[in-house]
Amino acid sequence: MNLRTKYDIPANAVITIAGTVGVGKSTMTNALADALRFRTSFEKVDTNPYLDKFYADFERWSFHLQIYFLAERFKEQKRIFEYGGGFIQDRSIYEDTGIFAKMHYEKGTMSPVDYETYKSLFEAMVMTPYFPHPDLLIYLEGSLDDILERIKLRGRPMEQQTPIAYWEEMHGRYENWINNFNACPVLRLNINDYDLFNNPESIEPIVEKIATHIKQTQLLKK
Ligand SMILES: Nc1ncnc2c1ncn2[C@@H]1O[C@H](COP(=O)(O)OP(=O)(O)O)[C@@H](O)[C@H]1O
Ligand SMILES: Nc1ncnc2c1ncn2[C@H]1C[C@H](O)[C@@H](COP(=O)(O)O)O1
C-alpha cells in the first residue's frame with residue numbers, strides 16, 4: 001500500500017536522513033522511499049575517487065574529499081529541485097560542514113586555510129535563500145556500541161582499519177550538532193525503536209510520525 005496517500009504526505013516533500021556512519025541511513029532511505037513511492041538520493045561510496053585515500057591519510061586528502069562531497073551533494077540538490085521534490089535523501093549537506101569538515105579542522109587533519117576556503121564555498125553555495133531546506137530531517141540515533149557493531153557488520157575495509165576513537169569522536173559530535181541544529185524541522189528516531197530487517201511493517205509508525213511532524217510545521221508556517 002502507498003503510505004504516502006494514506007497519511008497525506010505531500011508528493012513534493014523532501015526528507016533527509018541524518019546520522020553517524022553506520023547508524024542505518026541507507027537502509028532507512030530505501031525503506032521510506034519504498035513506502036512513500038519517493039525517489040532516492042544516495043551518496044556515492046563505491047565510485048568516490050577520494051574516500052579510500054582519505055581513510056589512509058586524512059591530512060593529505062580531507063580537503064579534496066570535502067570538495068568532492070560538496071559538488072556531489074549540490075548536483076543531487078539540483079536533481080531534486082528539477083524533479084520538484086518527492087525524495088528521500090541519504091545524509092544531509094549540513095553534516096558535511098557541521099560534522100566532518102569541522103572535526104577534521106579541529107583535530108588538525110584539515111589546515112585552517114583549507115577549512116576557511118571550504119567554509120566560504122559552502123556558505124556561498126548552501127546558506128542562501130536559493131537553496132531550499134528539506135521539509136524534514138530525520139535524525140537516527142543509537143548507542144556507540146550498536147553503531148560500531150553495524151560498521152563491523154557492513155565490513156567496508158577502509159572503515160574497519162579506522163581507529164575506534166574516530167567513531168567515538170564522531171558519535172559525540174553528532175549529539176552536540178543535532179541539539180543545536182535548526183535549519184529545518186527534525187524528527188529523532190532511536191534505532192532500538194524499530195527493526196526494518198525483522199519487521200518491515202515497523203516503517204508504518206515512522207511514516208505516521210513524519211506526517212504529524214510535517215503537518216505541525218505547515219500549521220506553524222501559516
Ligand atoms: N534496523 C537494522 N537492524 C540491524 N541492522 C541494520 C539495521 N539497519 C541497518 N543495519 C545494518 O547496519 C549497517 C549500516 O547500515 P547503513 O544503512 O548502510 O548505514 P549508513 O547508511 O547510516 O552508513 C548495514 O550492515 C546494515 O545492514
Ligand atoms: N563529508 C564527509 N567527510 C568525510 N567522510 C565522509 C563525508 N561524508 C561521508 N563520509 C564517509 C563516511 C563513510 O565512510 C562514507 C559513507 O557514509 P555513510 O554514513 O556510511 O553513508 O563516507
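Electrostatic tally near Leu3: other residues with Cβ closer than 11 Å to its Cβ, Lys and Arg +1, Asp and Glu -1, net -2.
The alpha-carbon of Lys6 sits under 17 angstrom from the alpha-carbons of these aspartates and glutamates, leaving out residues fewer than 8 places away in its chain: Asp34, Glu201, Glu204, Glu208.
Counting Cα-Cα pairs of the stretch 131-222 in 5 Å increments starting at 0 gives whole-percent bin shares of 2, 10, 17, 19, 17, 16, 11, 4, 2, 1, 0.
Restricted to Cα atoms, the stretch 2-63 shows a radius of gyration and a Dmax of 16.0, 50 angstrom. Put simply, the amide H of Thr40, placed in the peptide plane, has neighbours under 5 Å in Ile88, leaving out anything fewer than 5 places away on its chain. As a length-normalised measure over Cα pairs under 8 Å and 6 or more apart, the relative contact order of the stretch 92-170 settles at 26 percent.
Over the stretch 1-117, what portion of Cα pair distances is larger than 16 Å, expressed as a whole percent? That tail contains 64 percent of the Cα-Cα pairs. Solvent-accessible area per residue in the stretch 66-222 equals 54 Å², computed with a 1.4 angstrom probe and all protein chains kept. Taking only protein heavy atoms and a 1.4 Å probe, the accessible area of the stretch 50-112 is 54% carbon and sulfur.
Tell me whether the stretch 68-197 comes out rounded, prolate or oblate; compute the Cα gyration tensor, take square roots of the eigenvalues as a ≥ b ≥ c, and use a/c under 1.5 as the rounded threshold. Oblate. Using θ = phi - 60° in the Karplus curve 6.51 cos²θ - 1.76 cosθ + 1.60, the 3J(HN,Hα) couplings for the stretch 207-220 round to 4, 4, 5, 4, 4, 4, 4, 5, 4, 4, 5, 5, 5, 5 Hz; x is entered for Gly and Pro.
Once the Cα atoms are used to define both axes, helix 164-179 deviates from the longest principal axis of the chain by about 50 degrees.
P(r) tail for the chain: Cα pairs beyond 31 Å make up 20% of the total.
The values are calculated or read from the model by the stated rules, or taken from the named source; none is laboratory data. Note that the coordinates shown come from a computational prediction; the quantities given were computed from them, not determined experimentally. Reconstructed Cβ throughout: ideal geometry from the backbone, glycine too, with neighbour counts over all protein chains shown. Heads up: the accessible areas ignore ligands, DNA and RNA and are worked out on the full protein's heavy atoms, side chains in. Shrake-Rupley method; radii C 1.70, N 1.55, O 1.52, S 1.80 Å.
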